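Enquirer: This structure is in structure tokens; I'll ask about it shortly.
The values are calculated or read from the model by the stated rules, or taken from the named source; none is laboratory data. Owing to the predicted nature of the structure, the values given are computational and were not obtained by experimental measurement. So basically every Cβ, Gly included, is an ideal-geometry build from the backbone, and we count neighbours across all protein chains shown. Just the protein is used for accessible areas: all its heavy atoms, side chains included, with ligands, DNA and RNA removed. Shrake-Rupley method; radii C 1.70, N 1.55, O 1.52, S 1.80 Å.
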Amino acid sequence: WSSDVCSSDLSDGIETMERLLEHAEKELAAVGSARFNLGRVLQEASVSKSSVYHHFGDREGIIAAVELRHFSRELGALNLALRSFIETAPDRQSIEEAFRLWAGEEGNETGVLSRQRRASAIVAAQSSPGVATMLSEIQRETADFFASTLQILVDREMISPTLPLRGIAHWILSVMFARVMVDITDDTAVTTEWVQVAVEAMLWVLEPGRGS
């Protein structure tokens, strides 16, 4: 009986979180973060304020959770596109070009916004269990998917890394996120140099001895 009760409580908690996020996302899209009205979200979702505090910490926590949802969708689309390309890439050179293109395009408005969303979520996660859980799951699932994509390259004999693929996947994703520190310089020359160094480092990890 106690197991059934725990399972029911967990299900109710997940349902409440989803309902909150659904209505919070609509509110954020309609009025933006500055005019985001938590009371209106609670009324539309038929959820108590205590539930927000329990799952997301505060108003900023639920906003960060919505931003994380956007980030997760964008990252998922990018991963699928990268996987699709890698499955049919004709040679090593095309793989190198794909990584350079990826790093370069991450400098566009969408990439900058995605990093800002993730940075905000990391701050919010310090006081929001719900955001911390979402952030952890997104990172783990994304890295696992990326590692399996790299495995396709290994199987196709296009890369030959000597380090664990999962570790490489987490490292590459963290490098791409760390670009947020380059974003704030607002310096095109610095960005160009960072992309060059980041891509070369990734390629060397994926193919030790490359170019020797």
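Enquirer: With a 1.4 Å probe and all protein chains left in place, how much accessible area per residue does the chain have, in Å²?
Expert: About 55 Å² of surface per residue is accessible.
Enquirer: Another question, then. Can you tell me which of ALA45, ALA169, ALA24 moves the most in a GNM of the chain? Springs connect C-alpha atoms under 10 Å apart.
Expert: ALA45
Enquirer: For the chain, which whole percent of the accessible surface, found with a 1.4 angstrom probe, sits on carbon and sulfur atoms?
Expert: Of all accessible area on the chain, carbon and sulfur atoms account for 55 percent.
Enquirer: Another question, then. What's the FRET efficiency of GLU97 with ILE122 using the Cβ-Cβ distance as r and R₀ = 35 Å, to the nearest 0.05?
Expert: After rounding, the FRET efficiency stands at 0.65.
Enquirer: Another question, if that's okay. Evaluate the relative contact order of segment 67-179 (contact order divided by residue number), counting alpha-carbon pairs under 8 angstrom at least 6 apart; express in whole percent.
Expert: 32 percent
Enquirer: In 5 Å bins starting at zero, report the fraction of Cα pairs in segment 48-126 per bin as a rounded %.
Expert: Each 5 Å bin holds this share of Cα pairs: 3, 14, 18, 17, 14, 11, 9, 6, 4, 2, 1, 0.
Enquirer: I would also like to ask the following. Output the Cα-based Rg and Dmax of segment 93-157 in Å, rounding Rg to one decimal and Dmax to a whole number.
Expert: 15.2, 45
Enquirer: Still on this structure, I have one more. If only Cα atoms are counted, what is the Rg of segment 105-212, and what is its Dmax, in Å?
Expert: So, for segment 105-212, Rg and Dmax equal 15.6, 49 Å respectively.
Enquirer: Let me have the 222 nm mean residue ellipticity of the chain computed from DSSP H runs of 4+ only, each contributing -39500 (n - 2.57), with the sum over all residues rounded to the nearest 500.
Expert: Value at 222 nm, helices only: -27000 deg cm²/dmol.
Enquirer: Quick one: Cα convex hull volume of segment 9-82, Å³ per residue?
Expert: 95 Å³
Enquirer: Right, another one. Helix 129-155 against the longest principal axis of the chain: what's the angle in degrees, Cα atoms only, rounded to the nearest 10?
Expert: On a 0 to 90 degree scale, this one is about 30.
Enquirer: What are the extents of the Cα atoms of the chain along their three principal axes, listed from largest to smallest and rounded to whole Å?
Expert: Answer, in whole Å and largest first: 62, 49, 27 Å.
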